[in-house]
Amino acid sequence: MSGLKARILTAIVLAVVVFSAILLAPTAVFGLLLLAALLTGAWEWTRLMGMTRPVARVAYLVLLLLISLGAVALWVRDGTLWPVVAGVIWWAMVLVLLAIYRPGGHRHRALIGSAGLLTLVPAGLALLVFHDLNPAWLVFLVLLTSAADSAAYFTGKRFGRNKLAPHISPGKTREGLIGGLVATGLLGLAGAWWFDVHMGLWFYFVALCLVTALVSVAGDLFESLVKREAGVKDSGTLLPGHGGVLDRIDSITAAAPVFMMGLVWGGIVAL
């Protein structure tokens, strides 16, 4: 099978699996599926960290599991979303890191390991809360990040001239980013109507969608940065034509905490 056919087939299968899990599975089952995806992503992250000993890699997975269960327990007990807030702070820091990054620095395994936890745990909790609140929000978030990515790709292919982050991902362009934001803004308007957002909050909601799209790009770029430092093209080989699980969830892991807390802080959803 050619690379393009494998990529298309894998994308179709993933879409069916993901939307079936979101729309049909109870939240408890969805949570287990989500945890499996996060643990798979964490296994790939240990490779990016340069871990080779199976015991060390499994220990990292156990650590992520314990932190994730603790975060879920806090949410179930008293509605605590501090882990998601930590994710928002983390991605604000990543935006600064991406702006100042230059290749050739030193890799610190502990820092990369911490980055993996801050990437995966807050996103996992946010996605679980979204599903419990209303699966439609989760569908919208997936569509939001997908629209931003697809529109950026096609706009960049057609009009791209200026590199967005040449040291990290030479294929991304500023024109592509603008195209992605235009698509996001239009989807944000449709989302405000669909979710019956108060008219006075439409501007806020669309702005939140745009910020979420920008952060999703940061998630993609950050994983590219980590892969570049690790000297690998893909995070794994599990998904034919796409690479690893991290290669598919890098955008939504960044977008989920920001979108969740933006909705809560804006009073659009109540938990």
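The values are calculated or read from the model by the stated rules, or taken from the named source; none is laboratory data. What you are looking at is a predicted structure, and each value in this text was computed from that prediction instead of being measured. Cβ coordinates were reconstructed from backbone atoms using ideal geometry, including for glycine residues, and neighbour counts include every protein chain displayed.
Here is how the numbers come out for the structure above:
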read-out	value
Test result for V62, touching a residue at least 60 places away in the same chain (Cβ under 8 Å) and β-branched (V, I, T)	no
Residues that are part of a helix (DSSP H, G or I), loosely packed, with under 11 Cβ neighbours inside 10 Å and either among the small types (G, A, S) or in contact with a Pro (Cβ under 9 Å, 6 or more places away or on another chain) (or both), drawn from segment 60-91	none
Checking T52 against (1) part of a loop (DSSP other than H, G, I, E, B); (2) polar (S, T, N, Q); (3) touching a Phe, Trp or Tyr at 6+ places or on another chain (Cβ under 6 Å), the condition it does not meet	(3)
Scan of segment 26-58 for residues that are in contact (Cβ under 8 Å) with a residue 60 or more places away in the chain and within 13 Å of L127 (Cβ to Cβ), ordered by number	T27, F30, G31, L34, L35, A37, L38, G41
Identity of the residue in segment 92-106, assigned to a helix (DSSP H, G or I) and under 14 Å from P166 (Cα atoms), that ends up modelled with the highest pLDDT	L98
Failed condition for L120, given (1) under 22 Å from D234 (Cβ atoms); (2) surrounded by 13 or more Cβ atoms within 10 Å (Cβ to Cβ); (3) free of Cβ contacts under 8 Å to residues at least 24 places away in the same chain	(3)
Output for segment 223-248, where each listed residue is in a helix (DSSP H, G or I) and either crowded, with 24+ Cβ neighbours inside 10 Å or without any contact (Cβ under 8 Å) to a residue 60 or more places away in the chain (or both)	E223, S224, L246, D247
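Results for (1) touching a strand residue (DSSP E or B) at 6+ places or on another chain (Cβ under 8 Å); (2) assigned to a helix (DSSP H, G or I), shown as yes or no for each residue.
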| position | (1), (2) |
| --- | --- |
| G124 | no, yes |
| V142 | no, yes |
| D149 | no, yes |
| L164 | yes, no |
| G176 | yes, yes |
| T184 | no, yes |
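So that you can scan it fast, the table gives a plain yes or no per residue for (1) crowded, with 16+ Cβ neighbours inside 10 Å; (2) of a type outside the set (G, A, S); (3) under 20 Å from A37 (Cα atoms):
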| site | (1), (2), (3) |
| --- | --- |
| G124 | yes, no, yes |
| W137 | yes, yes, yes |
| L143 | no, yes, yes |
| A151 | yes, no, no |
| G156 | yes, no, no |
| R161 | no, yes, no |
| L164 | yes, yes, no |
